[in-house]
Every structure is written in C-alpha cells, then in structure tokens.
1. Restricted to the range 31-78, and to residues that are of a type in the set (Asp, Glu) and at pLDDT 90 or above, which residue is farthest from Lys13 (Cα to Cα)?
2. Please identify the pairs in which a residue from the range 59-70 that is touching a residue at least 12 places away in the same chain (Cβ under 8 Å) and under 18 Å from Ala19 (Cα atoms) has its Cβ atom under 6 Å from the Cβ atom of a residue that is in a helix (DSSP H, G or I) and open to solvent by less than 60 Å² (accessible area, probe 1.4 Å), counting only partners at least 6 apart or on another chain.
3. So Glu92 clears everything in (1) more than 29 Å from Glu7 (Cβ to Cβ); (2) open to solvent by 100 Å² or more (accessible area, probe 1.4 Å) except one condition, right? Which one?
4. Pull out all pairs, ordered by first then second residue, where Cβ-Cβ is under 7 Å, the residues are six or more apart or on different chains, the first lies in the range 12-38 and is within 15 Å of His51 (Cβ to Cβ) and open to solvent by 10 Å² or more (accessible area, probe 1.4 Å), and the second is hydrophobic (A, V, I, L, M, F, W, C) and not in a helix (DSSP H, G or I).
5. Based on what the data block shows, is Arg80 open to solvent by 80 Å² or more (accessible area, probe 1.4 Å) and either of a type in the set (Lys, Arg) or out of contact with any helix residue (DSSP H, G or I) (no Cβ under 8 Å at 6 or more places or on another chain) (or both)?
Amino acid sequence: MPKITEEQRFSRKREIAEAAARCFRRKGFEATSMGDINAEAGISAGSIYLHFESKQDLVHQITERILSARWMELADLPRRDPLPSPSQVVREYIDRLRANSG
C-alpha cells in the first residue's frame, strides 16, 4: 500500500473542510450531518475522523482559516496607497467575512 505524503494528507484535509463549509452554508451547522460532509467530500464513512475529531473541530478549523486569511489582508494594509480610513478597513473586513460565510 503506497504511503500518503504530508502534502496529500493536508490537501485531503482542506478538501474535506471545504466540503463541510459548503454543507454548512447550504443546510446550516445543526442540520448538517457528518454523513452529509462525507458525501459532499466523496469519502467513505469514518474516514473523516482520520482528519477531524468532530464537526466542531471542522468548524474551528474552517473559522481559523478564514480569519487567518483576513488577518493577512490586514497585515498588508501599510502597503496600500492611499492608506484606507479605519472605517473603510472595517467595512472591507466585514464584507470579506460575509462573502466567506455564504
């Protein structure tokens, strides 16, 4: 049996998280089952637990990824010309969060 590389494991984990995010957008957190996520990701039952402990763990990692991306955008603010006003930064940040939440 071929050994799975860390890159493949990371990629699969990201694919599962993206499938979960689509399910959460479509059905909501409470209405989404692990079976729904398995089907969306195209994986067999139980294999999701090789990557995530629970549905809550999925939400935590999805949220962390989204907020990390937003943080990186904020870190790039000093390079923008002209520098946006604080209210513009807040508006952009909220708009991007909304865009990711579906």
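The values are calculated or read from the model by the stated rules, or taken from the named source; none is laboratory data. Predicted model, so just to flag it, every value in this text is computed and none were measured. As a convention, Cβ positions derive from the backbone with ideal geometry for all residues, glycine included, and neighbour counts pool all protein chains shown. Heads up: the accessible areas ignore ligands, DNA and RNA and are worked out on the full protein's heavy atoms, side chains in. Shrake-Rupley method; radii C 1.70, N 1.55, O 1.52, S 1.80 Å.
1. Asp36
2. Partner pairs satisfying both residue conditions: Gln61/Ala17; Ile62/Ala17; Ile62/Ala21; Ile66/Asn100.
3. Looking at each condition in turn, Glu92 falls short on (2).
4. Listed by first residue and then by second, the contacts come to Asn38/Ala45.
5. Here the answer is yes, as Arg80 does meet what is asked.
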